[in-house]
Ligand code: UDP
Ligand code: MG
């Protein structure tokens, strides 16, 4: 059976690039349908993330004339990750798998069939991984590399050089729906799903038209979101620092007392220095202890699923009444 494939494309002020995107994706999707890689019901789903230009008008007119185009309009600009999630949750209701990609044609659309092939081989998640970063500026390359290293250090599982170009099966989308966090960092959440996955390598091009919606300020905010949504290690670091300063303060105390009794000090110095060291250490330690509890509350509030069953034996048909995956 041919799978119903949805291409999910978030768009924010993309009127300059949209006609070309629709043209190229229509061609690809039709080819995939002809090759038997995409079923009749396959669509491109454009999610308008509260654009202020004519993006939605364009999507509506394309949907009117092109049966492969569908549109979804968000009431406000909620950011790339939320727009993508909205599209994926819509796709989940009618598709066997969904591939997310950017509207600016930076993600190489010629590898789309490879994604579906891997899906047909039984993968639930297929990550698009950039084979090089040659089209990036030196600054973007360096910051990106630093970010991946830092995340690894904090114990966050990320796929190196993978952004949001990926395929997810309906089963993986169902799992994604269970992650109810508000600060969404999809490339951190998806590896947590844990189903069988594979990679497709591609070259990332320059933006086809228009300009990036991710200036440095938004990129930093996004990186910070990624760190604080996945790791409580910064909180633990405070406790460790508090312990170290407290231990160091004992040595400092000894030094101050010896200096005092040797008579090398001005009156009052010993008391002041001792209190600063000791109080500083104790305060940090206390903040760290509070931080540990805050960290626990944070993980409880996220209410992430604690486990996911991948397979069962002796099961003949899906329990939820939906047709089986191809
Ligand atoms: N985007 C979005 N909402 C936003 C910002 C961006 O839906 O608030 C979309 C945008 O239209 C594009 C994708 O997210 O399809 C990636 O954005 P962009 O290409 O500007 O980021 P960059 O590739 O420069 O990191
Ligand atoms: Mg882009």
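Below, the figures for the structure above:
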read-out	value
Output for region 85-106, where each listed residue is assigned to a helix (DSSP H, G or I) and within 13 Å of ligand 2 (Cβ to nearest atom)	none
Hits in region 230-259 (condition: buried (at least 17 other Cβ atoms within 10 Å of the Cβ) and over 18 Å from residue 282 (Cβ atoms))	230, 231, 232
Qualifying residue in region 83-93 (condition: within 13 Å of ligand 1 (Cβ to nearest atom) and out of contact with any strand residue (DSSP E or B) (no Cβ under 7 Å at 6 or more places or on another chain))	yes
Counted residues, region 107-143 - those being without any contact (Cβ under 8 Å) to a residue 60 or more places away in the chain and assigned to a helix (DSSP H, G or I)	5
Selected residue (criterion: farthest from ligand 2 (Cβ to nearest atom)) from residues of region 60-77 that are under 23 Å from residue 183 (Cα atoms) and surrounded by fewer than 18 Cβ atoms within 10 Å (Cβ to Cβ)	75
Residue match in region 170-181 (condition: within 16 Å of ligand 1 (Cβ to nearest atom) and in contact with a helix residue (DSSP H, G or I) (Cβ under 7 Å, 6 or more places away or on another chain))	no
Residue 219 vs. criteria modelled with pLDDT of 95 or more and not in a loop (DSSP other than H, G, I, E, B)	no
Single condition residue 151 does not satisfy, out of (1) modelled with pLDDT of 95 or more; (2) buried (at least 19 other Cβ atoms within 10 Å of the Cβ)	(1)
Criterion (part of a loop (DSSP other than H, G, I, E, B) and in contact (Cβ under 8 Å) with a residue 60 or more places away in the chain) met by exactly one of 200, 156	156
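Residues are listed down the side, and each one gets a yes or a no for (1) on the phi < 0 side of the Ramachandran plot; (2) modelled with pLDDT of 95 or more; (3) part of a helix (DSSP H, G or I); (4) surrounded by 19 or more Cβ atoms within 10 Å (Cβ to Cβ):
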residue: 19; (1), (2), (3), (4): yes, yes, yes, no
residue: 25; (1), (2), (3), (4): yes, yes, yes, yes
residue: 32; (1), (2), (3), (4): yes, yes, yes, yes
residue: 37; (1), (2), (3), (4): yes, yes, no, yes
residue: 46; (1), (2), (3), (4): yes, yes, no, yes
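The values are calculated or read from the model by the stated rules, or taken from the named source; none is laboratory data. Being a predicted model, the structure only gives us computed values, none of them experimental. For neighbour counting, all protein chains shown are included, and Cβ atoms are generated from backbone atoms with ideal geometry for every residue, glycine included.
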